[in-house]
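Novice: Mind looking over this structure? Questions follow.
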Amino acid sequence: MRPFIAMNAAISIDGKLTTADRDLHGFGGPEDRALMEDLRAEADAVMIGAGTLREEDPPLTIKAVEKVAHRRDAGKPDQPDGVIVSRSLDFPVKGSRFFETPGVRRFVVCGDDAPKDRVEGLKGAAEVIAVSTASGDLDLEQAVAELGERGMRHLLLEGGGSLNFAMIAAGLVDRIHLTICPLVFGGDKAPTAFGGAGFPGASVRPLVLESVRQGASGRLFLSYRAKASARR
Ligand SMILES: NC(=O)c1ccc[n+]([C@@H]2O[C@H](COP(=O)([O-])OP(=O)(O)OC[C@H]3O[C@@H](n4cnc5c(N)ncnc54)[C@H](OP(=O)(O)O)[C@@H]3O)[C@@H](O)[C@H]2O)c1
C-alpha cells in the first residue's frame, strides 16, 4: 500500500501560485499558516519540487509548540520528514535552511542517471532515493513506494506547480487542499497550481468537493478528493 498523499496550495483567484515575478505576495497569513501547520502535523513527510527549494528554501517544519507536542504525544517525531524531488540535483546544500534545519530526516528523490558528484555532495545531508528513469521521466510511483518502505504512511505535497502536475498525472494525489486568496495576480508566466504539459480534454482529472470554509480574511478554504478511477 502506498502512502496517502494530500496536496496543499494557496492560489490567487486566477489560480496562480505566485506573481509573474515569483512573489508570494499576500499569501501566508495566520489562517494559511495554521492550515499548513495542521496539515504538516498530520503528515509523516512533506514533499516539494526542486524549483520551490531553489526559490524559497523552506525548512518545511512546524513552529506551533502545541502541534509539535501533539505529535510527540502520538509517538511521532517532532517534525515531519522533508522530501525533495529533483532530476538535476542542482541546488545548494551548504547554507540551505532545508538541509541544515536540525531534527528533520531528509530525503532527495532523483533519477538513476543523477550526476554522481551531486549525489556524493548530499552525503550526510539527506538520504538519496534513486528511481528508474526507463520511461524518460522519474518513476514517481516507485519514489512513493520507496518512501512508504521507509515508514511514511501520509505524505503532504506542497508544490510547486510542476511537481503537483507530475504527481496528479501519475495518479498520486488523493486529496487537494486549496486556499483561494482574494487577490488577482495575472500574468501568462505566473505559475499555476498545476503546470506541466496539462491534460488533453478527455483526460482531465475530475474531483469531488469535500468541504468549503470561508475564512475571516476573505479566503476560501476548499478540500477536494480525487476520484478513485484517477488514483494509483
Ligand atoms: N502558493 C503556493 O502554495 C506555492 C507552493 C509551492 C510553491 N510555490 C511556488 O511555486 C514556484 C515553483 O514552482 P515550479 O513549478 O517552478 O517548481 P516545482 O514544482 O517546485 O519544482 C520543479 C522541479 O522539481 C523537479 N521535478 C518536478 N517534477 C518532476 C518530475 N516529474 N520528474 C523529475 N523532477 C521533477 C525538477 O527539478 P530539477 O530541475 O532539479 O530537475 C523540476 O525542475 C515557486 O515560485 C514557489 O514559490 C507556491
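No lab work stands behind these numbers, since they all come straight from the coordinates. None of these values were measured; they are calculated from a predicted model. Reconstructed Cβ throughout: ideal geometry from the backbone, glycine too, with neighbour counts over all protein chains shown.
Novice: Applying 1/(1 + (r/R0)^6) with R0 = 41 Å to the Cβ-Cβ distance of Glu210 and Asp113, what FRET efficiency is obtained, to the nearest 0.05?
Specialist: The calculated FRET efficiency here is 0.60.
Novice: Something else now. Going 7 Å from the Cα of Asp23 along its beta-carbon direction, which residues of segment 44-68 have the amide nitrogen within less than 19 Å of the resulting point?
Specialist: Zone members listed by number: 55-57.
Novice: Okay, helix-only estimate at 222 nm for the chain: each DSSP H run of n ≥ 4 adds -39500 (n - 2.57), divide by all residues, round to 500 deg cm²/dmol; what do you get?
Specialist: -7000 deg cm²/dmol, from helical runs alone.
Novice: Which of Phe185, Phe221, Phe199 moves the most in a Gaussian network model of the chain with Cα springs under 10 Å?
Specialist: Looking only at Phe185, Phe221, Phe199, the largest GNM fluctuation is found for Phe199.
Novice: In nm, to one decimal, how far is the modelled label at Lys63 from the one at Gln142, with both set 7 Å along Cα→Cβ?
Specialist: 3.9
Novice: Still on this structure, I have one more. Order by neighbour count: Arg71, Arg231, fewest other Cβ atoms within 10 Å first, most last.
Specialist: Arg231, Arg71
Novice: Of the options Ala130, Pro77, Val173, report the single residue whose Cα projects farthest towards the positive end of the charge dipole of segment 35-181 (beta-carbon charges: Lys, Arg +1; Asp, Glu -1).
Specialist: Of the candidates, Pro77 comes out farthest on the positive side.
Novice: Give me the three principal axis extents of segment 4-230 from the C-alpha atoms, as integers in angstrom, largest value leading.
Specialist: Cα extents, longest axis first: 46, 45, 37 Å.
Novice: From Cα pairs below 8 angstrom and at least 6 apart in sequence, can you work out the relative contact order of segment 4-230, rounded to a whole percent?
Specialist: In percent, rounded to a whole number, it is 31.
Novice: Okay, next question. Quick one: order Met1, Met36, Met167 by neighbouring beta-carbon count within 10 Å, fewest to most.
Specialist: The most exposed by this proxy come first: Met1, Met36, Met167.
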